[in-house]
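Inspection log for the structure reproduced underneath, given as structure tokens.
The values are calculated or read from the model by the stated rules, or taken from the named source; none is laboratory data. This structure is a prediction, so every number in the text was calculated from the model and none was measured. Methodologically, a virtual Cβ is constructed for each residue, glycine included, from the backbone with ideal geometry; neighbour enumeration extends over all protein chains shown.
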Amino acid sequence: MAHRAPSGQPLKVKMILPALTEATSPLFRPVKYSLFPPLGLATLAGYLNEHDQVTLEDEHVERVRLDDEPDLVVIQAYITSAYRAYELADHYRRRGAYVCLGGLHVTSLPDEAAMHADSIFLGPDEDTWPQFLADFRRGEPKPRYQSTIRSLTELPNIRRDLIKRHLYLVPNSIVVTRGCPHHCDFCYKDAFFAGGSSFYTQTVDAALAEIDRLPGRHLYFLDDHLFGNRRFAEALFDAMLGMGRLWQAAATVNSVLRPDLLEKAADAGLRSLFVGFETLSTSNLQQHGKRQNLNRDYALAIQRIHDAGVMINGSFVFGMDDDDSSVFGRTVDWAVKQGIETSTFHIMTPYPSTGLYQQIEQQGRLLHRDWNRYDTRHTVYRPAKMSPEALEQGYWNSYREFYTWRNILSAAGTKSTLSSRARHAAYSAGWKKFEGLWNLAIRLKQISQMRPLLENVLSGLGTVIPNNKARRPTIDEPCEIAIPQSPAAVRAR
Ligand code: B12
Ligand code: SF4
């Protein structure tokens with residue numbers, strides 16, 4: 001029997017972000033696991049009382065202590081860290097702690113997670129987490145909480161004091177919206193936000209206050225689609241003008257084609273944008289519900305982003321049904337010709353509870369359910385036009401090819417000024433050509449020393465990167481998505 005909160009006493013709470021095996025390797029640690037702190041858990045910690053004792057451990061950057069005796073253990077599970085999350089949950093339940101499991105994978109497969117927890121949480125939990133804490137303190141916690149009320153207006157301050165900033169390259173990660181207005185069938189988001197709104201924002205004032213709390217210059221917005229609510233985004237970017245921030249974010253192809261929003265973002269300090277191109281095939285886009293990309297002029301979108309002085313991290317998914325083994329070479333060549341600075345390739349991965357998963361499962365094409373390998377680097381289903389092995393091989397070749405010196409320099413050569421070319425080459429090569437150096441910096445716990453370098457490259461190596469000169473689309477394209485009338489959107493008008 002797990003123990004309960006001693007009534008009226010402060011709680012001893014332990015929060016853990018478990019890591020997938022690769023991230024804890026004693027030999028080599030890719031820099032991506034030392035980029036961002038556990039923002040979700042730091043957000044949940046904000047709901048605790050000031051007298052509660054809380055520790056936050058991120059296994060991607062530190063060893064989790066296992067000999068302690070917290071009252072309450074809070075674990076976040078992504079698909080690739082689910083087994084590790086269950087292992088840690090079982091360990092702490094054996095030690096008598098009350099264990100809560102939540103996050104994306106728990107929401108996808110609640111019955112699986114429930115075998116390892118005292119309480120499980122489905123969805124983003126801004127409503128259910130405070131409700132649970134009150135239940136727990138009263139000694140009446142429930143086994144399952146499903147979030148339905150979606151609002152960020154009551155969000156307490158994120159407990160950033162719990163984040164060990166020196167262990168991350170980008171400690172200033174920030175999220176000012178939740179979800180996304182679109183519905184791609186391979187994405188986590190429809191299942192995660194089921195039962196309530198799937199796209200909502202903070203108030204602009206609250207977002208600005210959060211930005212103000214972040215020290216230094218560089219920010220990384222982890223929002224799925226920062227441009228998704230135009231009114232909110234516009235008001236935010238206007239207010240960020242003159243704050244001297246340098247930031248990165250993600251947005252869709254269609255949103256950057258809309259006049260002015262991109263330019264406002266660039267004026268406010270946007271220097272690199274993650275864009276989900278996903279595939280160059282119209283049939284693939286149609287099949288996976290990526291309607292916001294359909295019939296969009298990718299080349300124009302890229303040109304606009306570059307003209308605004310913003311670099312691109314292009315995201316591409318391989319293995320959709322229209323892809324044969326020529327897809328890898330074609331995609332890499334296209335990305336290089338377009339002068340895309342960095343590319344992130346993925347093997348299509350059907351996450352449980354997504355539309356894609358249901359379809360692949362019904363077709364009998366799933367190869368296994370070993371969640372450790374659902375990491376977008378392994379083929380976990382039978383592709384339509386190539387073998388699973390050819391898909392993995394092509395995926396790795398694409399990374400190798402895109403980041404050859406020849407291709408880095410060739411893509412950089414598409415830029416019109418010397419400074420843009422230098423920035424492109426430095427940024428692109430910086431991530432993939434110096435992995436040994438990143439690994440060393442991580443081992444020596446000196447990763448934060450690299451931040452000024454990142455800022456310097458983003459800001460154009462000391463030169464002025466032209467912005468606000470982006471080419472406007474010739475037609476004033478209507479926004480084809482419904483903009484939700486959240487309280488923030490209304491206030492932002
Ligand atoms: C930042 C990020 C990373 C970072 C760091 C993760 C970190 N430090 O948290 C890095 C770069 C390491 C990373 C790596 C990967 N990632 Co990632 N990542 C993200 C991203 C962009 C943002 C996560 C975030 O901070 N969100 C903001 C915070 C506030 O929300 P949150 O974390 O979800 O937490 C809230 C709720 O979930 C809930 N909650 C969470 N845990 C718990 C626990 C309890 C008890 C309760 C009550 C509530 C609760 O409350 C929190 C506050 O509201 C998401 C996309 C997304 N929008 O979620 C993808 C995402 C999570 N990543 C994903 C994937 C696939 C990966 C990789 C496998 C990809 C790859 N090929 O490298 C790897 C491996 C991940 C791993 N470690 O196992 C998928 C996960 C799919 C899934 N079903 O699990 C996502 C959803 C991207 C996508 N669209 O597919 N990732
Ligand atoms: S646009 Fe991106 S975040 Fe939105 S549903 Fe599609 S894949 Fe998910």
Item to check | Filter pass, Asn293 being crowded, with 19+ Cβ neighbours inside 10 Å, polar (S, T, N, Q) and more than 16 Å from ligand 1 (Cβ to nearest atom) | outcome: no
Next on the checklist: Take the conditions hydroxyl-bearing (Ser, Thr, Tyr), out of contact with any Cys (no Cβ under 6 Å at 6 or more places or on another chain) and more than 20 Å from Val170 (Cβ to Cβ) and apply them to Tyr47. Does it pass?
Outcome noted: yes
Item to check | Residues located in the stretch 201-231, provided they are under 20 Å from Arg304 (Cβ atoms) and more than 16 Å from ligand 1 (Cβ to nearest atom) | outcome: Arg230
Checklist outcome for this item: Output for Cβ contacts, cut-off 6 Å, separation at least six or different chains, first residue in the same structural domain as Lys415 (by TED's automatic domain parsing) in the stretch 310-337, second part of a loop (DSSP other than H, G, I, E, B) and charged (D, E, K, R), reads Met311/Glu341; Ile312/Glu341; Asp324/Lys385
Checklist entry - Does the stretch 337-358 hold any residues that are within 15 Å of Glu278 (Cα to Cα) and of a type outside the set (S, T, N, Q), and which are they? => result Ile340, Phe345, His346, Ile347, Met348, Pro350, Leu356
Item to check | Filtered residue count, the stretch 263-285, keeping only those that are closer than 16 Å to Asp297 by Cα and either in contact (Cβ under 8 Å) with a residue 40 or more places away in the chain or within 16 Å of ligand 1 (Cβ to nearest atom) (or both) | outcome: 7
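Let's see how each residue does on (1) assigned by TED's automatic domain parsing to the domain that holds Val310; (2) of a type in the set (A, V, I, L, M); (3) more than 16 Å from ligand 2 (Cβ to nearest atom); (4) out of contact with any His (no Cβ under 7 Å at 6 or more places or on another chain):
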{"position": "Gly228", "(1), (2), (3), (4)": "yes, no, no, yes"}
{"position": "Leu241", "(1), (2), (3), (4)": "yes, yes, yes, yes"}
{"position": "Arg258", "(1), (2), (3), (4)": "yes, no, no, yes"}
{"position": "Leu262", "(1), (2), (3), (4)": "yes, yes, yes, yes"}
{"position": "Arg271", "(1), (2), (3), (4)": "yes, no, yes, yes"}
{"position": "Phe274", "(1), (2), (3), (4)": "yes, no, no, yes"}
{"position": "Glu278", "(1), (2), (3), (4)": "yes, no, no, yes"}
{"position": "Asn293", "(1), (2), (3), (4)": "yes, no, no, yes"}
Checklist entry - From the list Leu109, Leu155, Leu169, which residue is farther than 27 Å from Glu69 by Cα, more than 16 Å from ligand 2 (Cβ to nearest atom) and at pLDDT below 95? => result Leu155
Checklist entry - Which condition does Ala266 not pass, out of (1) surrounded by fewer than 20 Cβ atoms within 10 Å (Cβ to Cβ); (2) out of contact with any Cys (no Cβ under 6 Å at 6 or more places or on another chain), if it passes all the others? => result (1)
Checklist entry - Residues of the stretch 334-357 being more than 13 Å from ligand 1 (Cβ to nearest atom) and either of a type in the set (Val, Ile, Thr) or in contact with an Asp or Glu (Cβ under 9 Å, 6 or more places away or on another chain) (or both), which ones? => result Val336, Ile340, Thr342, Gly355
Checklist entry - When you look at Ser173, is it among the polar types (S, T, N, Q) and in the same structural domain as Glu50 (by TED's automatic domain parsing), yes or no? => result no
Checklist entry - Quick check: anything in the stretch 376-389 β-branched (Val, Ile, Thr), more than 24 Å from the chain's Cα centre (by Cα) and over 30 Å from Leu262 (Cβ atoms)? => result no
Checklist outcome for this item: Contact list, first residue from the stretch 194-205 and over 15 Å from Met240 (Cα atoms), second anywhere and in a helix (DSSP H, G or I) and among the basic types (Lys, Arg), beta-carbon distance below 8 Å, six or more apart or interchain, is Ser198/Lys189
Checklist outcome for this item: How many residues of the stretch 52-67 are surrounded by fewer than 20 Cβ atoms within 10 Å (Cβ to Cβ) and under 18 Å from Trp129 (Cα atoms)? The answer is 3
Checklist entry - Which condition number does Glu234 fail, the rest of (1) under 27 Å from Phe316 (Cβ atoms); (2) more than 15 Å from ligand 1 (Cβ to nearest atom) being met? => result (1)
Checklist outcome for this item: If we ask which residues in the stretch 66-114 are over 21 Å from Pro10 (Cα atoms) and out of contact with any helix residue (DSSP H, G or I) (no Cβ under 9 Å at 6 or more places or on another chain), their number turns out to be 7
Item to check | Options Phe192, Phe132, Phe136, Phe121; residue that is of a type in the set (Phe, Trp, Tyr) and within 16 Å of ligand 2 (Cβ to nearest atom) | outcome: Phe192
Checklist outcome for this item: Residue set Arg296, Arg291; condition of a type outside the set (Asp, Glu) and closer than 30 Å to Leu246 by Cα; output residue Arg296
Checklist outcome for this item: In the stretch 1-51, anything at pLDDT below 95, within 25 Å of Leu122 (Cβ to Cβ) and among the basic types (Lys, Arg) is listed as Arg4
Checklist entry - Within the set of pairs 6+ apart or on separate chains, which have a first residue in the stretch 3-25 that is surrounded by 19 or more Cβ atoms within 10 Å (Cβ to Cβ), a second that is at pLDDT below 85, and C-beta atoms under 6 Å apart? => result Leu11/Ala5
